[in-house]
Amino acid sequence: MKIGVFIPELLRHLFKKPATVDYPFKKLEVPRDFRGSPYLRPELCIVCRACERDCPAEAIEITAVNEAEKRFRMIIHNDRCIHCAQCVDSCPTEAMLMDDKFEISDYDRHNLKMNWEFVRAVVKPKSEPKTS
Amino acid sequence: MKFQIPIGPQHPALKEPISLRMTVEGEIIREADIRLGYNHRGLEKLAEQRTWIQNIYLTERICGICSHSHTTCYVQGVEKLMELEPPKRGLYIRTLVAELERIHSHLLWLGVAGHEAGFDSFFMYTWRDREIVMDILEIISGNRVHYGINTIGGVRRDLDDGQVKHILDSLEILRKRSEYYKNLGTTEPSFVARLAGVGYLSKEDAIALCAVGPTLRASGVPMDVRKDDPYAVYGEIPFEVCTADTCDVLGRTVVRIQELFQCYNIIEYLLKNLPAGPVAVRAPRRAKPNEVVSRYEAPRGENIHYIKSNGTDKPERLKVRAPTLGNYAATIKMLKNGFIADVPLIFAAIDPCICCAERAVSLVDVRTGQEKIISMNALKQLSLKISAGKVRKREAEWPL
Ligand code: SF4
Ligand code: SF4
């Protein structure tokens, strides 16, 4: 045992690059599978409601605007979303996707709401809803 | 003269709300009492109103550090209820994330131990090295903390060759760094002297008080769910259960450092033997009425989920026994007859996660409720007798 063995390590670190980046000026790239916020591609949505049913935070709300015209509205309450991407996994037509933004804070939670009004699409599901 | 010192629920020495009441004589703790319930979130009740799928994300949020432990424990149980057999590759990736999580948790703990022992540069360095693991986890799963990699019937993300290579390369750096921390002890006497002899928990007590995880293994009991009741693919992976017999905080540090090396070996084995194929199978929405107990070796110890299904798409009951809860009784034992100044260290040594452990529980009151009146002389003799056997080990040796 001897005293001060940590000193070489300390000195070595004087010449090392910092482990952090200058955040607001320099931004790290997010990984490929990063789970940002979910968004809808309305032209693909067949309104199967799989995403609404599986969302653990109950952040997805689908309402019928006009049943006869098959017009629907989807609201994603991003303030409630826990960014788990289960909606993406559940969607049979890949209508739901995740973006890669991470600076999404806002002063008012209602500004985080996103909504789409669209006519139900007629596409053949690529897969069965993965969790049915 | 006896004093009662309350620490918490909010206190700078504690990172999470818990209330400790200690009866002290001078500097020595005679009685300790832990009170829980400041962080109860009603999570088990909530789970009964959520579907099997939704509950994965709910259990993930029981804890930030062992988020994978809780989902794996839950998902394993549900898979048993649904009679699903996840594909091999899925299980391998699940185990890989589990071991990466163990590394990040142990490195985090090492840092905290350094911090509590007053060795803050150690704290900074281990945490910087922990970033390597966090980056690997981010690359595999997409996010740093809640990986969301488990799903019922397998995992959600696959690994490609680039990722495998990245992990293997990073492992080399981690190995080197851990080797350095391992050797540090032999040459840094103040660190070892601070940890040795603190928070003594004998082998018998550890078993009797149902301690779990590194706390138990540091008392010389080679108990590990991965070995005793292999889940996932642990049955086919060669690894050793690490123990120490010093029964103190030093032993707990040593066990965790040794486990780091086992983790590196396990990860290397997993990546080199990664089978091809799908990563998940389709899960039904409902589970037949049944019940299951699922066990999992989390970085902090044995994690138990009890799940009961009733034929619907929601569980009838989900009970979570987090490892920290299993260690409370042992912590009280460790605190007794120790110094007040050792409280943060002893407490940190079980790697407590209060919010994990806060379930609807009625904790048995450990205090005897009796106050003995003894003369000042008898007291002095008592304290001499106790502190005679408990002197700080000046000549403590790093056992690695
Ligand atoms: S990412 Fe998760 S929480 Fe957010 S909308 Fe999709 S399913 Fe719901
Ligand atoms: S799961 Fe996909 S197709 Fe179905 S409602 Fe949601 S977004 Fe539309």
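Read-outs throughout are calculated quantities, based only on the coordinates presented, and are distinct from any laboratory measurement. As the structure is a computational prediction, the values presented were derived from the model and not from experiment. We place every Cβ from the backbone using ideal geometry, glycine too, and count neighbours over all the protein chains shown.
Figures for the structure shown
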quantity	calculated
Percent RCO, i.e. relative contact order, over region B:43-324, from Cα pairs under 8 Å lying at least 6 residues apart	28 percent
For chain A, built as a Gaussian network whose Cα springs stay under 10 Å, the top-fluctuating residue of A:D106, A:D79, A:D89	A:D106
Over the protein assembly as shown: helical MRE at 222 nm, DSSP H runs n ≥ 4 each giving -39500 (n - 2.57), nearest 500	-12000 deg cm²/dmol
Residues B:I340 and B:M1, FRET efficiency given R0 of 22 Å [Cβ-Cβ distance, rounded to 0.05]	0.90
Alpha carbon centroid spacing (whole Å) that separates region B:128-165 from region B:202-268	24 Å
Trypsin sites (Lys or Arg not before Pro) lying in DSSP loop within region B:210-247, provided at most 14 other Cβ fall within 10 Å	none
Cα gyration tensor shape of region B:21-119, rounded if a/c is under 1.5, else prolate or oblate by comparing a/b with b/c	oblate
Net charge of Cβ neighbours under 14 Å - reference A:L112; Lys, Arg +1; Asp, Glu -1	-2
Gaussian network model of chain B, springs between alpha carbon atoms under 10 Å - residue of B:Q49, B:Q258, B:Q76 with greatest fluctuation	B:Q49
Low-density loop positions, GluC sites (Glu not before Pro), region B:177-253 - DSSP coil, at most 16 other Cβ in 10 Å	B:E240
Ranked list, fewest to most other Cβ atoms within 10 Å of each Cβ, for B:L195, B:L201	B:L201, B:L195
37 °C / 0.692 mPa s Stokes-Einstein diffusion coefficient of region B:43-324, Kirkwood radius on C-alpha pairs, µm²/s	169 µm²/s
Exposure proxy order (Cβ contacts within 10 Å, fewest to most) of B:V155, B:V279	B:V279, B:V155
Rounded Å value of the spacing that divides the Cα centres of region B:328-354 and region A:71-89	43 Å
Length gained when the stretch A:T63-A:H110 is fully extended (0.36 nm per residue, less Cα-Cα span)	15.1 nm
Gaussian network model of chain B, Cα within-10 Å springs - most flexible of B:S219, B:S69, B:S190	B:S190
10 Å Cβ shell holding at most 12 others, DSSP loop, chymotrypsin sites (Phe, Trp or Tyr not before Pro): longest site-free stretch of chain A	A:26-106
Cα-Cα P(r), region B:125-253, percent of pairs per 10 Å interval	11, 25, 36, 23, 5
Where Rh is the Kirkwood radius over Cα pairs, Rg/Rh for region A:33-119	0.96
Of the GluC sites (Glu not before Pro) in region A:11-99, those whose Cβ has at most 14 other Cβ within 10 Å and which sit in DSSP loop	A:E29, A:E58, A:E67, A:E69, A:E94
Leading residue at positive end of dipole, region A:1-106 (Cβ point charges), from A:F34, A:V88, A:I62	A:F34
Dipole magnitude of the protein assembly as shown about its Cα centre (Cβ charges: Lys, Arg +1; Asp, Glu -1), debye to nearest 20	580 debye
Reciprocal of mean inverse Cα separation for the protein assembly as shown (Kirkwood radius, Å)	25.3 Å
Exposure proxy order (Cβ contacts within 10 Å, fewest to most) of B:I136, B:I237	B:I237, B:I136
Of the DSSP H helices in chain B, those whose Cα atoms cover at least 27 Å axially and whose Kyte score averages 0.5 or more	B:249-272
